[in-house]
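The block underneath contains the structure these notes are about, expressed in structure tokens.
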Amino acid sequence: MRAPITRRVALTYVLLTTLLAITGAAQLPLLDRYRPTSTPWLGWLGDYWLTHRLHYAGAVGLLFLCGYVGTRWLLEWRRERRLQAFGVLRALTLVALCLTGAARMLKNLPSVSFSPRATQLIDCSHLLFAVLLGTLAVLRLALRAQSWRPRGDNSDR
Amino acid sequence: MLSSFAVFTVYINVIVARREGALRVLRPGAKGIYSRAFLDVLFQTGARQVIVHDSRSAGISRRRFLTTLGAAGLSLLTPGTALAQKHRSKSPAGLELATLLDLSKCTGCGACVEACRRVNAAKFPHPEGPIAPTPSGSPPVEDWSARREVTDRLTPYNWLFIQTARGSFEGEKFQIHIPRRCMHCQNPPCANLCPWGAAAREDNGAVRIDPGACVGGGKCQDVCPWGFPMRQSGVGPYLKILPRFFGNGVMYMCDRCQDRVAVGGLPACVDACPNGVQEMGPRAEITARAHALARNMSGYVYGDTENGGTNTFYVSPVPFEILDAAVRTGPGRPRLAAPADVAADEDRLAYAALLAPVAGVIAGALRLGSRFAGPEPPARGHGEDADDGRGDSGGPR
């Protein structure tokens, strides 16, 4: 059975997560410190506002994609497929990543402020989930782990 | 079902908001879902009128209402938010306060600078021993501990200094003294972009940096339109992590004497001024007074709209563009230009992000863009296609 999403959707997901990973890393004041921003063509990574806006724009795209694919899965695709534990783990990681990102967006609104400790908790967990999502993606490629399986297929693959 | 869920969610949020004191602002005479009568009926809150929090409007705005509920809802998810409530409660009544500086009265005597240094001396950094540079040399070590006496610019030991502008305007010579320190923005970029949450905006409108959380990356200084925060290397939590590879000290700037204001006092600079240059009060009141003062002296206001609005208002008989050109600027000596609201795009994108998953759900439910996502491929039996949950590139399934 084919994957329910096309390669175009998968490519969009990969591009968005790559954009988010790069612009997210650029939010830490480490790139200036370790000089990648002085590399030709990479100077834009040192512009906090630019990378911040790109991160937000990428988040908008990813949230839309999550809503779209999640809805299609719930309404249609899950009838013939079921998530494996690996798929559940990836989906939960993605949801947690989105929730912590949303919390940070909320904190950044003009009328909302959190304590340093709450903000650190949100930031660190956001970073942790991003690393976990990337690790799971690498594991998927390395181990060819399955995210879903056709319903009724109980074979151990 | 969705509407029931939405009502339940709002109900929970309001309960939490009430319990933690977040639901405090109700506009008398508000209509619709913001009215006291509506909340009373729906949630039996006996909703209390407390104070006007946002001086931009006469009461609660839809934006504040939603963000308050959102913040309260988040408290269900993040245990640390209870700390946030405690943190915020330090401000008396949560009223947004602003300061007004009548520059026509300032003689540049420096009493405010002296008072600031004296009152905040206990907060100043105390680096010990040699400060190790970073391997890349970036950011450079900034050690002001041997130059604590410097008062003609901002430093980690001098959070307020007096800038002097001399020139002529409309054929008359002028000399204007401008006490400079953090403007305490309403939407502070330093607090929004600090990756450690060390910079935060208090409910009373002040912005401050927590020296116990700051690692001195200096991003706040980069994104501040005026570059107010100043770094002192060799102090702070970074020393306990990876001092040569991570962080570089602590950023310091005016916190508008939070400890004094929290107990109903005034910032030291306001209190000490012998000429009554400065005053402090609710932002709405200060805004009105600033504009009235400007009208009376045919003068100009700075701080009301700069960077989207600040809680520091300067009123001068000379246009600020002229003052900006006349003052000495550079590191630690901020300009008087009129920066645009650098965080406005961020807010718009945040609201777009709020709508994006909803739009995605609607599009998914209506199967919009199914050509993009791919029409449901015919089931050809297990094993007929190579892409069986492993082959695609890993989008959310």
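The values are calculated or read from the model by the stated rules, or taken from the named source; none is laboratory data. Because the structure is a prediction, the values reported are computed rather than measured. Cβ: placed from backbone, ideal geometry, glycine included. Neighbour counts: every protein chain shown.
Rundown of residues vs (1) assigned by TED's automatic domain parsing to the domain that holds B:Asp210; (2) in a loop (DSSP other than H, G, I, E, B); (3) β-branched (Val, Ile, Thr), yes/no style:
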position	(1), (2), (3)
B:Phe228	yes, yes, no
B:Arg231	yes, no, no
B:Gly234	yes, yes, no
B:Tyr238	yes, no, no
B:Leu242	yes, yes, no
B:Phe246	yes, yes, no
B:Met251	yes, no, no
B:Asp259	yes, no, no
B:Val270	yes, no, yes
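Take B:Val223 and tell me if it is within 7 Å of another protein chain (Cβ to nearest Cβ) and of a type in the set (Val, Ile, Thr).
yes
Go through (1) out of contact with any helix residue (DSSP H, G or I) (no Cβ under 8 Å at 6 or more places or on another chain); (2) at the interface with another protein chain (Cβ under 9 Å from one of its Cβ atoms); (3) free of Cβ contacts under 8 Å to residues at least 24 places away in the same chain one by one and return the number of the condition B:Leu239 breaks.
Unmet for B:Leu239, out of (1) out of contact with any helix residue (DSSP H, G or I) (no Cβ under 8 Å at 6 or more places or on another chain); (2) at the interface with another protein chain (Cβ under 9 Å from one of its Cβ atoms); (3) free of Cβ contacts under 8 Å to residues at least 24 places away in the same chain: (2).
Among the residues that make up the stretch A:131-146, is at least one of them facing another protein chain (nearest Cβ under 10 Å) and at positive phi?
Yes, some residue in the stretch A:131-146 is facing another protein chain (nearest Cβ under 10 Å) and at positive phi.
If I ask for residues that are of a type in the set (A, V, I, L, M), farther than 23 Å from A:Ala137 by Cβ and more than 9 Å from chain B (Cβ to nearest Cβ), which ones from the stretch A:43-87 would you list?
A:Leu50
Just checking, which of A:Arg90, A:Arg8 is within 9 Å of chain B (Cβ to nearest Cβ), surrounded by fewer than 15 Cβ atoms within 10 Å (Cβ to Cβ) and either out of contact with any Asp or Glu (no Cβ under 7 Å at 6 or more places or on another chain) or not aromatic (Phe, Trp, Tyr) (or both)?
A:Arg8
Go through B:Glu346, B:Glu306, B:Glu321 for me and flag whichever is in the same structural domain as B:Glu172 (by TED's automatic domain parsing), under 23 Å from B:Ala206 (Cα atoms) and among the charged types (D, E, K, R).
On inspection, the qualifying residue turns out to be B:Glu306.
Condition check ((1) acidic (Asp, Glu); (2) surrounded by fewer than 19 Cβ atoms within 10 Å (Cβ to Cβ); (3) under 18 Å from B:Cys106 (Cα atoms); (4) under 23 Å from the mean Cα position of the chain (by Cα)) across all residues:
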position: B:Glu285; (1), (2), (3), (4): yes, yes, no, yes
position: B:Ala288; (1), (2), (3), (4): no, yes, no, yes
position: B:Ser298; (1), (2), (3), (4): no, yes, yes, no
position: B:Tyr302; (1), (2), (3), (4): no, no, yes, yes
position: B:Thr312; (1), (2), (3), (4): no, no, yes, yes
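Which of (1) under 19 Å from the mean Cα position of the chain (by Cα); (2) under 30 Å from B:Gly309 (Cβ atoms); (3) buried (at least 19 other Cβ atoms within 10 Å of the Cβ); (4) facing chain B (nearest Cβ under 9 Å) does A:Lys107 not meet, given it meets every other one?
Here A:Lys107 clears every test but (1).
Against the condition touching a residue at least 40 places away in the same chain (Cβ under 8 Å), in a loop (DSSP other than H, G, I, E, B) and either of a type in the set (S, T, N, Q) or crowded, with 19+ Cβ neighbours inside 10 Å (or both), how does B:Thr99 come out, does it pass?
In short, no.
What single numbered condition from (1) surrounded by fewer than 19 Cβ atoms within 10 Å (Cβ to Cβ); (2) not in a loop (DSSP other than H, G, I, E, B) fails to hold for B:Asn275?
Just one mismatch for B:Asn275, condition (2).
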